[in-house]
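The structure appears below as structure tokens.
The values are calculated or read from the model by the stated rules, or taken from the named source; none is laboratory data. A quick note: this is a predicted structure, and the numbers were derived from the prediction, not measured. Every residue, glycine as well, gets a Cβ built from its backbone with ideal geometry; the counts of neighbours run over all protein chains shown. These area figures cover heavy atoms from the full protein model, side chains too; ligands, DNA and RNA do not enter into them. Shrake-Rupley method; radii C 1.70, N 1.55, O 1.52, S 1.80 Å.
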Amino acid sequence: MFNPLLDIIFTELSGGKVFKVHTLAAILTQQGNLPPLDDEPNKSLFKRNFLVMNALFQLQTELLQSQQYLHIDSMSIYLSSKLDKQLMIDSPLKDYYLDWRNYDTSTQEIEDLLTHFWQTLHTKNKVKPITETQLQALCQAWQLPYPFTQKQLSKKWRQHALASHPDKNPAGGEVFKRLHDEYIKLKSAASD
């Protein structure tokens with residue numbers, strides 16, 4: 001299926017800049033090239049990112065034929081005339097985003113993907129346990145009762161994440177990272 005963002009993204013990348021996925025998506029949104037794609041905010045965000053990643057991987061494959069290399073990493077997207085040794089031409093991520101059936105992912109599947117992503121990140125970063133005093137302070141800052149359930153925490157996390165996500169607020173990257181770190185800490189203390 002043809003992705004209408006191919007030429008638009010190629011034009012942006014041709015300027016020699018290095019982009020992050022969320023900043024590239026924000027530029028496309030500001031230009032009017034990436035409107036809301038679903039009434040549900042999480043699904044709209046997912047579909048928007050899907051279209052951007054799909055276009056990037058299609059471009060990567062197309063550009064390889066002319067010895068141009070498109071480096072794709074969530075924090076670093078750029079064109080190069082030299083093959084990056086870390087460039088993964090075939091990857092599960094690429095396969096996922098090139099499969100158009102994944103565009104219509106359900107709300108539950110999106111939740112599961114996000115949960116898996118954060119759990120993977122959590123195990124990589126080995127979050128230190130927090131004290132009871134720190135836990136109570138975080139509960140107060142997040143306006144959570146103490147004790148709280150995983151369901152209550154998840155609802156608060158989605159509210160905070162949507163408000164501060166770099167795709168919606170490019171200046172909110174540090175806030176989003178801090179909130180995510182706090183979420184991971186709180187998650188370990190949630191009751192089922």
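Values for this structure:
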{"read-out": "Hey, residue 45 among the hydrophobic types (A, V, I, L, M, F, W, C) and modelled with pLDDT under 90 or not", "value": "yes"}
{"read-out": "Test result for residue 27, at pLDDT 90 or above and open to solvent by 40 Å² or more (accessible area, probe 1.4 Å)", "value": "yes"}
{"read-out": "Out of 128, 124, 155, 82, sole residue that is open to solvent by 50 Å² or more (accessible area, probe 1.4 Å), over 20 Å from residue 52 (Cα atoms), at pLDDT 85 or above and out of contact with any Leu (no Cβ under 8 Å at 6 or more places or on another chain)", "value": "155"}
{"read-out": "Residue list for the stretch 162-178, filter: crowded, with 18+ Cβ neighbours inside 10 Å and at pLDDT 75 or above", "value": "164, 176"}
{"read-out": "Qualifying residue in the stretch 95-102 (condition: within 25 Å of residue 44 (Cα to Cα), at pLDDT 90 or above, open to solvent by 70 Å² or more (accessible area, probe 1.4 Å) and part of a helix (DSSP H, G or I))", "value": "yes"}
{"read-out": "Pair list, Cβ < 9 Å and 6+ apart or interchain, from the stretch 31-43 residues that are within 12 Å of residue 5 (Cβ to Cβ) to residues that are part of a loop (DSSP other than H, G, I, E, B) and open to solvent by 50 Å² or more (accessible area, probe 1.4 Å)", "value": "33/4"}
{"read-out": "Residues satisfying the stated conditions in the stretch 9-24, i.e. open to solvent by less than 50 Å² (accessible area, probe 1.4 Å) and of a type in the set (Val, Ile, Thr)", "value": "9, 21, 23"}
{"read-out": "Test: residue 137 is among the aliphatic types (A, V, I, L, M) and either touching a strand residue (DSSP E or B) at 6+ places or on another chain (Cβ under 7 Å) or at pLDDT 80 or above (or both)", "value": "yes"}
{"read-out": "Residues that are part of a helix (DSSP H, G or I), touching a residue at least 60 places away in the same chain (Cβ under 8 Å) and closer than 27 Å to residue 107 by Cβ, drawn from the stretch 1-28", "value": "22, 23, 25, 26"}
{"read-out": "Residue in the stretch 33-52 that is part of a loop (DSSP other than H, G, I, E, B), more than 29 Å from residue 109 (Cα to Cα) and open to solvent by less than 60 Å² (accessible area, probe 1.4 Å) present", "value": "no"}
